Amino acid sequence: MTQQHSNLSTARQVFLVGLTSNHGNSTYEMTELANLTRANNLTPVETFTQKLERPNPATYFGKGKVEELAEAVKTYEVDMIVANDELSPSQIRNLEKATQATVLDRTGLILDIFAQRAQTKEAKLQVQLARLQYQLPRLRTSMSVSLDQQTGAGGGGFTSRGAGETKLEESRRRITAQMVHIRQDLADLTKGETTRASKRHTNDLPNVALVGYTNAGKSTLMNRLLERFGVGADNDESKQVFEKDMLFATLNTTIRQLTLPDKKQFLLSDTVGFVSKLPHNLVATFKSTLQEAAHADLLLQVVDISDEHYKEMMATTEKTLAEVGVSDVPMITIYNKADRTSLSYPEIAGDNTITLSAIDSDSQDTLIQLIKHHIFNDVETVTLHIPFEKGALQAKLSSQHTFLAESYDDTGTLLTLELSKMERENFAPYLV
Ligand SMILES: Nc1nc2c(ncn2[C@@H]2O[C@H](COP(=O)(O)OP(=O)(O)OP(=O)(O)O)[C@@H](O)[C@H]2O)c(=O)[nH]1
Ligand SMILES: [Mg+2]
């Protein structure tokens, strides 16, 4: 079913439907749903909401509202409805029957967008797996829809049922087998990932991770910092990431090394952005991508301060981070896109907050100072004794530090230099 939606013409008009309740923020969620809908090349023309504490188990909306919706579908000649929640297979089926329109739920919508955006092999496999998981219990619905269309029948008549049942089981088996395959491919890929991740950790450079709501400006900030400080020995380090004014521009994690003018270095990672009610099976399949932040020494939460819903976006980000198990990592909040507001920038408030514009070089400098304050605040002058046979270690230290003193004894070199707490722990065996 979801494949059909991806192939639609750009102008397809749809209705948005959602529930409001006493808790939750439905205005923001419906705005977000409209943005997600546009991101999937659909045009929302009207929004229908109903105040219900819980969705109607059969039809999502209550009876009267469903009738109103069916009327409107006829009047506006709209043939698709997008719901703000994940619906059960039977809710979709019943609502489709009552309104004669195709029903796409929030999960299907987000999965479609992810499928269109996925670029890397890992992201493609992750989306494919999440999609199959979503489709498996919904096979009957999607089949009856496609059968209806093929035969031109109104309601999936009895004649096609026998053949359909067998086909259904065959499809289930095929999908399950496909899922096993994809899981294996992902496991093989992730094995490489883990090796890379552990390499990064022995690399003893501080890890700083950009996180935040989709479209907040994470990739833009990454690129602007790379242009100025991405001068690693490996040319690849300065390679730019994809930035664009669209939801979910980034679906993978990129890690780059930054070298500041005083030789201090750290790793910066950019990753997939968040949205509220991120489908559970997407969170599960993207867990390894989303979890990059869990290993960080410092999080940079990028917030689009020019968006009136920025507070809800921050709450969404924090909720998603907790969901993927990121906790107790220090965080700087970056109020970005200040150039679109009347706020003055760059401006630091306290230790953990900065208002700035990613595209302004003063802002970038101020941000770097703040990052340095966090990750290099615990430097102490120490002396290390590096045995002569550890020449590579000494070379590495010299590429990352300025030595305050250097001398020799019978077995090795004595180096006096400034090291962070983390580095002191890593070099503990060599401390004098
Ligand atoms: N005016 C202004 N625009 C910005 C700023 N930072 C980012 N943008 C724009 O915001 C849009 C989204 O930027 P991205 O960097 O792709 O956002 P992202 O957070 O990486 O988004 P996802 O990858 O979708 O999670 C782009 O059109 C950027 O040009 C800023 O400081 N000021
Ligand atoms: Mg991005």
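Coordinate-derived values only; no laboratory data. A quick note: this is a predicted structure, and the numbers were derived from the prediction, not measured. Quick reminder, even Gly has a Cβ in these numbers, built from the backbone with ideal geometry, and neighbours come from all protein chains shown.
Observations on the structure shown:
- Distance in nm between pseudo-label sites at residue 174 and residue 322 (7 Å out along the Cβ direction from Cα): 4.3 nm
- Helical mean residue ellipticity (222 nm; -39500 (n - 2.57) per DSSP H run of 4+; nearest 500) of the chain: -14000 deg cm²/dmol
- Hydrodynamic radius (Kirkwood) for the stretch 205-375, which is based on Cα pairs only, to one decimal in Å: 15.9 Å
- Full-stretch length increase - residue 361, residue 315 - with 0.36 nm per residue and alpha-carbon distance subtracted: 13.7 nm
- Potential lengthening of the chain between residue 395 and residue 408 amounts to 3.2 nm, from the contour at 0.36 nm per residue minus the alpha-carbon distance.
- Over the stretch 380-430, the pair-distance histogram of Cα-Cα distances with 5 Å bins from zero comes to 5, 21, 36, 28, 9, 1 percent, rounded to whole numbers.
- Footprinting exposure proxy ranking of 174, 117, fewest other C-beta atoms within 10 angstrom first, gives 174, 117.
- Panel note: the C-alpha atoms of the chain, placed on their principal axes, show extents of 92, 52, 34 Å (largest first).
- Label separation (residue 428 vs residue 71): 7.3 nm, computed from points 7 Å beyond Cα along the C-beta direction.
- Angle in degrees between helix 139-151 and the longest Cα principal axis of the chain, rounded to the nearest 10: 50 degrees
- Structure remark: mean-square fluctuation, Gaussian network model of the chain, C-alpha springs under 10 Å; the largest value among 275, 326, 382 belongs to 382.
- For the listed residue pairs 65/97; 244/311; 51/337, the alpha carbons are over 24 angstrom apart in 51/337.
- As a proxy for reagent exposure, ranking 28, 335, 430 by other Cβ atoms within 10 Å from fewest up yields 28, 430, 335.
- Folded to 0 to 90 degrees: helix 26-39 orientation relative to the chain principal axis, Cα: 90 degrees
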